[in-house]
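Here, each number is a calculation from the coordinates, and none is a lab measurement. It should be emphasised that the depicted structure is a prediction, and the values quoted were computed from it without experimental measurement. Here the Cβ is made from the backbone with ideal geometry for all residues, glycine too, and neighbour counts use every protein chain on show.
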Amino acid sequence: MTRARLVIGNWKMNLAPSATDRFLAALRDELASLPSAVGVGLAPAFPALERVGRGLSGTPVLLGAQDVHAEKDGAYTGEVSATMLRDLAVVFCLVGHSERRRYRRETEADFTKKMDRLVEAGISPVYCVGETLEEREAGRTEEVLSRQLTAFDGAATPPPGLVLAYEPVWAIGTGRAATPQMAAGAHRALRSGLAARWGDGTARGLRILYGGSMTAGNAAALFAEDEIDGGLVGGASLDSKGLAAIVRAAG
Ligand code: PEP
């Protein structure tokens with residue numbers, strides 16, 4: 001089964017709204033030369049969503065958010081709901097990023113609720129999973145990935161639009177990407193976990209992105225693996241040319 005590849009830029013807490021115009025102008029110049037079969041998404045910080053959404057209008061680039069609150073609305077100072085994101089034309093949202101797991105101590109139970117809210121709002125979840133170095137060295141990668149998939153316990157079918165992102169924690173922002181073989185092995189383990197939940201055919205149709213120090217220099221080797229359906233790109237996505245080069249490598 002061929003799965004359309006997808007490359008998402010996760011800007012994290014970078015690029016203030018006023019800093020996004022130049023990026024978007026440069027990206028628009030690149031778009032015509034990018035492979036049309038590869039989806040491209042950008043996930044700016046909340047304050048930049050509206051401006052980036054305006055800048056992307058008329059382009060095929062998808063607007064995403066980096067997080068969402070687990071409740072529908074109410075007294076949650078500082079939080080942002082799925083319906084607010086939908087109002088800004090957000091079409092996908094990261095859930096379970098390792099920085100949320102680590103700094104906010106978010107758990108699978110939180111991620112289940114967040115994905116429920118996204119689905120209610122018609123937003124596709126991009127669910128991030130991955131092991132720490134300690135867990136990999138202890139031979140526990142598959143066990144950790146399988147525990148992270150428990151966020152789907154109780155889901156008879158995948159959340160509509162679900163995309164998975166395998167992001168080994170030790171590779172994020174370190175300049176030390178997983179080898180293509182390591183990444184493909186983890187993707188296969190994830191896909192078999194998805195097949196155990198929802199059946200082979202469904203699992204084969206779900207996209208699993210790789211994330212962790214992906215750059216224009218290593219993307220082609222990673223994309224040579226059939227199991228790798230695209231990239232979730234942090235640091236390298238802050239440069240439009242770098243992001244465009246990764247999209248080209250995915251094509
Ligand atoms: C990420 O945080 O999603 C990520 C993959 O970061 P980087 O590309 O900078 O490693």
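Structural remarks
- When only alpha carbons are used to place a centre, the range 115-138 and the range 179-198 end up 14 Å from one another.
- Karplus-derived 3J(HN,Hα) values for the range 32-44, using 6.51 cos²θ - 1.76 cosθ + 1.60 with θ = phi - 60°, are 4, 9, 8, x, 6, 6, 9, x, 10, x, 10, 10, x Hz; glycine and proline are entered as x.
- Taking 37 °C and 0.692 mPa s as conditions, the range 161-227 diffuses translationally at an estimated 266 µm²/s according to Stokes-Einstein applied to its Kirkwood radius (Cα pairs).
- Distant alpha-carbon pairs in the chain (separation over 33 angstrom), percent: 12
- The value given for the range 51-159 is a Kirkwood hydrodynamic radius of 15.0 Å, derived from the mean inverse Cα-Cα separation.
- Under 5 Å, built H, 5+ apart or other chain: amide partners of residue 7: 39, 40, 41, 231
- Spatially proximal lysines relative to residue 114 (Cα-Cα < 29 Å; intrachain offsets below 8 disregarded): 12, 72
- Across the range 235-246, rounded Karplus estimates of 3J(HN,Hα) from the backbone phi angles (6.51 cos²θ - 1.76 cosθ + 1.60, θ = phi - 60°) give x, 5, 7, 7, 10, 4, 5, x, 5, 4, 5, 5 Hz, Gly and Pro being marked x.
- Centre-to-centre separation between the Cα atoms of the range 60-82 and those of the range 1-56: 18 Å.
- Taking 224, 43, 236 in turn, the Gaussian network model of the chain (Cα-Cα springs below 10 Å) assigns the largest fluctuation to 224.
- Cβ crowding within 10 Å, taken as a proxy for footprinting-reagent exposure, orders 34, 133, 190 from fewest neighbours to most as 133, 34, 190.
- The 3J(HN,Hα) values that the Karplus relation (6.51, -1.76, 1.60; θ = phi - 60°) gives for the range 200-215 are, in residue order, 4, x, 5, 4, 5, x, 8, 7, 10, 8, 9, x, x, 6, 6, 9 Hz. Gly and Pro appear as x.
- Cut-off under 5 Å, modelled amide H: who pairs with residue 131 long-range: 169
- Estimated distance in nm for a label pair at residue 72 and residue 54, the labels positioned 7 Å out from Cα along Cα-to-Cβ: 3.1
- Extension gain, residue 22-residue 88: 0.36 nm per intervening residue step, less the Cα-Cα distance, totals 21.7 nm.
- Under 5 Å, built H, 5+ apart or other chain: amide partners of residue 211: 166, 167, 232
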